Amino acid sequence: MAPSSQKGVVITIPALLLSVSAAAVFLFFLLSYLSSPCTCPSSIPATTFTTTAAASVAGGSVTEEDADRRISTSRGDIDWVKDQIRANGLQMRDNVLRKGINPRTRSQQLEDLNNFKGISHYEGSEASNHTALPCPGELLVEEHHSNYGEPWAGGRDVFEFLAESSHLTANSRVLEIGCGTLRVGVHFIRHLKPEHFHCLERDELSLMAAFRYELPSQGLLHKRPLIVRGEDMDFTKFGSDVVYDLIYASAVFLHMPDNLVWVGLERLVNKLKPYDGRIFVSHNIKFCSRLGGEKCTKRLASLGLEYLGRHTHDSLLFNHYEIWFEFRRTKA
């Protein structure tokens, strides 16, 4: 038998040269691509970081419902606003008169309001016919915002601390003893369902500021808060069936005789939700400490109250903290 012919692949010289050339061209473009500068961002943008930080709420991404539930400012929120200030090159400078902006003190604004009848565009008898709730000039220039020993902005700090400490929901019921001009109360009213915020206030001028300026200007008239003028810890006008999730007194018990504070606590204990409800008192509790620790504890226990401890809360905007004392009802 004749030997079988040997089979194989025959590569000609021109085909070999063509393959080598193609490989060289491919390698050249590959090396050029790898050596070119990367166009990827070198770091995560600030907006991405703040979103991620905010997303840590509840251990996941932030939904619209989560954002609505959150009360205090998050770390991501603070980083975001700082980034916006830096990005816009904003700095505090001397407040100098410049075109389009005319800085005026409250007294100067009030003088203009009085001299020009509220800077009205209407004349004569028409001047007072077009305002649904005519507001005194002193309120329009917000003189009542200077009635406190700290900036008006501190009201938000108080609200955040109390709302989160008492696990506040929109359905909670809140009583403030001495709400004044609603520096704190306006935030509770906005957060709660209509008619769920109650207040006992003795000062007529403060109540005037609350009703004639703060509630209308903040768009909160529809919330119908129950704000009652009264003193001597008389809570009868709030109804006998209401039970509160939170009762608080911000710098109010300081100005009351100790006996009146105890009368108030005795009347309020049955209006506080058992166990879960909270009473918070700011600054100090001398009405209690002046009795002595053991006597105070016994007197609280006789009312069905328990002292839970002292807290401090930092301000978001200025170098300040407030001290709060927490109590709860121990009997159903």
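So for the pair Arg86, Ser72, with labels modelled 7 Å out along Cα→Cβ, what separation do we get in nm?
2.4 nm
Obtain the nm distance between the two label points defined at Glu142 and Leu317 by a simple spin-label model: each point lies 7 Å from its Cα along the Cα-to-C-beta direction.
About 0.8 nm, to one decimal.
Provide Glu176, Glu138 ordered by accessible surface of protein heavy atoms (probe 1.4 Å), highest first.
Most to least solvent-accessible, the answer reads Glu138, Glu176.
Of Lys193/Lys286; Lys237/Lys286; Lys237/Lys295; Lys237/Lys271; Lys273/Lys298, which ones are farther than 24 Å apart at the Cα?
Lys193/Lys286; Lys237/Lys286; Lys237/Lys295
Taking amide hydrogens as modeled 1.01 Å from N in the peptide plane, which residues meet the under 5 Å criterion relative to Leu272, leaving out close sequence neighbours?
Those qualifying (amide H under 5 Å, at least 5 residues apart or on another chain) are Tyr244.
Could you tell me the distance between the Cα centroids of region 303-332 and region 268-293, to the nearest Å?
9 Å
So, for region 213-303, what is the accessible surface per residue at a probe of 1.4 Å, expressed in square angstrom?
52 Å²
Any idea of Tyr307's accessible area? Nearest 10 Å², probe 1.4 Å.
Looks like 100 Å² after rounding.
With θ set to phi - 60°, apply the Karplus curve 6.51 cos²θ - 1.76 cosθ + 1.60 along region 146-156 and write out the HN-Hα couplings as whole Hz, x wherever there is a Gly or Pro.
These are the phi-based 3J(HN,Hα) values: 9, 7, 10, x, 8, x, 4, 4, x, x, 5 Hz.
Let a ≥ b ≥ c be the square roots of the eigenvalues of the Cα gyration tensor of region 146-225; is it rounded (a/c under 1.5), or, if not, prolate (a/b larger than b/c) or oblate?
oblate
For an R0 of 25 angstrom, estimate the FRET efficiency from the Cβ-Cβ distance between Ala332 and Arg224 and round to the nearest 0.05.
Calculated value: 0.25.
When every alpha-carbon pair in region 196-332 is counted, what percent end up more than 18 Å apart?
61 percent
Through the Karplus equation 6.51 cos²θ - 1.76 cosθ + 1.60, θ set to phi - 60°, convert the phi angles of region 233-248 into ³J(HN,Hα) values in whole Hz; use x for Gly and Pro.
6, 9, 10, 5, 6, 8, x, 8, 9, 5, 10, 9, 7, 9, 10, 9
³J(HN,Hα) across region 193-203 via Karplus (A = 6.51, B = -1.76, C = 1.60, θ = phi - 60°), whole Hz, x for Gly/Pro?
5, x, 6, 8, 10, 10, 8, 10, 9, 8, 8
Multiply the residue separation of Gln108 and Tyr122 by 0.36 nm, subtract the distance between their alpha-carbon atoms, and state the gained length in nm to one decimal.
Difference between extended and current length: 2.9 nm.
Let me check against my output: what whole-number percent is the relative contact order of region 229-311, with C-alpha pairs under 8 Å and at least 6 apart?
In percent, rounded to a whole number, it is 33.
The values are calculated or read from the model by the stated rules, or taken from the named source; none is laboratory data. Bear in mind the structure is a predicted one, so any value in this text is a computation, not a measurement. Counting neighbours? That spans all protein chains shown, and the Cβs are built from the backbone with ideal geometry, glycine included. Protein only, heavy atoms only, side chains kept; ligands, DNA and RNA dropped before computing areas. Shrake-Rupley method; radii C 1.70, N 1.55, O 1.52, S 1.80 Å.
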